[in-house]
Amino acid sequence: MSRPVFSTELFNARVETQIHTFFDTMSNLYGRRGWQPDPPIREDTTWSNADFTVAIISRYRDGTYKRIRFIMRNLPGYVREPDSLTSTRSLRYEHRFVFDLPREYPQNIGTIRPAAELPLFHPRLSASGTGHACYSVRGELDRILEDLPFFVLLKPDRVEPPSQFQSDRGLNAAAMAWYEKDTENIVNTLDRLWEDRHQTSVIMTPLKGRVRILDGEPEPARTSRRPPRILDVKEQRSGTVRILDDSSSNDDS
């Protein structure tokens with residue numbers, strides 16, 4: 001039996017709306033942490049700011065968006081088991097994932113399998129640190145994009161260690177054993193390094209004759225000039241908006 005699918009126009013509009021939702025959610029998170037929000041710039045089918053790039057890199061034959069590349073910057077992640085948790089040789093601050101949306105999206109989202117393009121020392125990735133992640137899809141595109149930074153940051157509810165969850169040992173048993181021995185320190189260290197990366201004073205590139213100087217204090221919130229976001233069916237029915245939780249607690253609620 002064939003599955004109902006959205007038209008190309010509706011499919012692509014839904015994906016674009018969810019990409020905007022992701023950037024709005026991260027902007028709200030950054031604001032709560034006292035970091036400078038950075039609105040994304042769109043060029044064709046690429047949305048990018050200082051920390052994140054979401055790009056549509058291939059389509060189905062009918063023009064529907066298919067493959068997404070997600071690049072994260074200024075985000076600490078381990079590339080090998082570290083001698084010390086702050087070892088600069090063991091850390092990298094850029095990470096890339098790629099995955100395909102099924103043509104019947106938003107149906108069959110469970111078939112989405114994010115794959116790491118750059119190595120990571122992670123319990124839910126193979127020993128090579130690349131390839132498909134052992135990752136539980138918790139929602140549509142915006143939720144996947146919101147989850148992956150905290151997957152890199154090794155938050156327990158994304159790693160799901162068997163000592164805390166009824167789960168398996170992932171794809172890298174050595175990384176899982178390392179993680180279970182010192183989970184709290186690992187998570188706190190990565191979060192502190194992420195914080196440090198965003199509290200450093202920087203001088204922004206001049207924009208239309210103006211220079212913005214960031215001194216670690218958040219600027220007052222600015223009214224977005226983006227057109228109103230179209231709520232998906234689930235939001236229209238519930239009338240609620242989910243706020244991303246950057247803590248290590250489970251945020252499925």
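Here, each number is a calculation from the coordinates, and none is a lab measurement. Since we're looking at a predicted model, the values are computed, not measured. Glycine gets a Cβ as well: all are built from the backbone with ideal geometry, and neighbour counts include every protein chain shown.
Between the DSSP loop rule and a limit of at most 15 other Cβ atoms within 10 Å, which GluC sites (Glu not before Pro) in region 104-195 are left?
Passing both the DSSP loop test and the Cβ count: 104, 117.
Give me 136, 27, 128 sorted ascending by neighbouring Cβ count inside 10 Å, so fewest comes first.
128, 136, 27
Starting from the Kirkwood Rh over alpha-carbon pairs, what translational D in µm² s⁻¹ does region 44-194 have by Stokes-Einstein at 25 °C and 0.890 mPa s?
154
List, in order, the whole-Hz ³J(HN,Hα) value for each residue of region 39-49 obtained from phi through the Karplus relation with A = 6.51, B = -1.76, C = 1.60 and θ = phi - 60°; use x for Gly and Pro.
Using θ = phi - 60°, the values come out as x, x, 10, 9, 10, 6, 10, 10, 10, 8, 9 Hz.
Does region 1-86 come out rounded, prolate or oblate, given a ≥ b ≥ c as the square roots of the eigenvalues of its C-alpha gyration tensor, rounded meaning a/c under 1.5 and, failing that, prolate meaning a/b above b/c?
Working: a/c = 2.58, a/b = 1.71, b/c = 1.51.
Prolate shape, in that a/c is at least 1.5 and a/b is the bigger ratio.
Taking the beta-carbon count within 10 Å as an exposure proxy, list 160, 94 from fewest neighbours to most. Before the final figure, lay out each step's value.
Working: 160 19, 94 11.
Ascending number of Cβ neighbours within 10 Å: 94, 160.
To the nearest Å, what is the center-to-center distance of region 155-172 and region 81-118, using C-alpha atoms only?
16
Using Cβ counts within 10 Å as a stand-in for footprinting exposure, how do 84, 90 rank, fewest first?
Listing 84, 90 from fewest to most nearby Cβ atoms yields 84, 90.
Just to check I understand the Karplus step: with θ = phi - 60° and J = 6.51 cos²θ - 1.76 cosθ + 1.60, what whole-Hz values come out for region 190-196, glycine and proline as x?
Per residue, the Karplus-derived 3J(HN,Hα) values read 4, 5, 5, 5, 5, 4, 4 Hz.
Tell me, what HN-Hα J-couplings in whole Hz come from the Karplus equation 6.51 cos²θ - 1.76 cosθ + 1.60 at θ = phi - 60° for each residue of region 175-189, using x for Gly and Pro?
Result, rounded to whole Hz: 5, 5, 5, 4, 5, 5, 5, 8, 3, 4, 5, 4, 5, 5, 5.
What are the residues whose amide H is under 5 Å from the amide H of residue 52, where those residues sit 5 or more places off or on another chain and H is modelled from the backbone?
73
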